[in-house]
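All remarks here apply to the structure that follows.
Only the coordinates and a few stated rules stand behind these numbers; no lab work does. Every value quoted in this text rests on a predicted model; they were computed, and no experiment measured them. Glycine also receives a Cβ, built like all others from the backbone with ideal geometry; neighbour counts cover every protein chain displayed.
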């Protein structure tokens, strides 16, 4: 088995998907998680590549958020779409990153992702509150590369 397959159990993955659903109930923002073993690219550049591959740039309000994890490299990136980046300060994701890093340093990747997702959802809610006509525009499933 690869490091990606061992990174999270099926139960862990379901709990993460449930966290995405919970976070998205309060915001029109769309949150996705992508996990892969490693990349030879700069991690931010790779996260952007995945962001566009997953068509996260096609949401109505341009408010998709990708949490990208390179397991073997021990790196993660949070990137938001144009609509988010134009609406928030530059350090917007720092709180989410710090929460995730604290869990990751202890090896608790599932809880780091869950808490990061829920925090991101709360942060998005202030700028992109859920509206009656909102629909889930992107899959909540974890993608893997």
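Only one residue in 122, 86, 98 is surrounded by fewer than 19 Cβ atoms within 10 Å (Cβ to Cβ), over 12 Å from the mean Cα position of the chain (by Cα) and touching a residue at least 60 places away in the same chain (Cβ under 8 Å), so which one is that?
Numbers: 86 fails: touching a residue at least 60 places away in the same chain (Cβ under 8 Å); 98 fails: touching a residue at least 60 places away in the same chain (Cβ under 8 Å).
Answer to the check: 122.
Residue 91 satisfies every condition listed in (1) more than 21 Å from residue 58 (Cβ to Cβ); (2) assigned to a helix (DSSP H, G or I) except (2).
Inside segment 1-14, residues that are out of contact with any strand residue (DSSP E or B) (no Cβ under 9 Å at 6 or more places or on another chain), over 16 Å from residue 116 (Cα atoms), free of Cβ contacts under 8 Å to residues at least 40 places away in the same chain and part of a helix (DSSP H, G or I) make up a count of 3.
Among the residues of segment 59-66, none qualifies, meaning not one is touching a strand residue (DSSP E or B) at 6+ places or on another chain (Cβ under 7 Å), surrounded by fewer than 19 Cβ atoms within 10 Å (Cβ to Cβ) and not in a loop (DSSP other than H, G, I, E, B).
Any idea which of 50, 17, 33 is touching a residue at least 40 places away in the same chain (Cβ under 8 Å), in a helix (DSSP H, G or I) and within 14 Å of residue 145 (Cα to Cα)? None of the others qualify; the one that does is 50.
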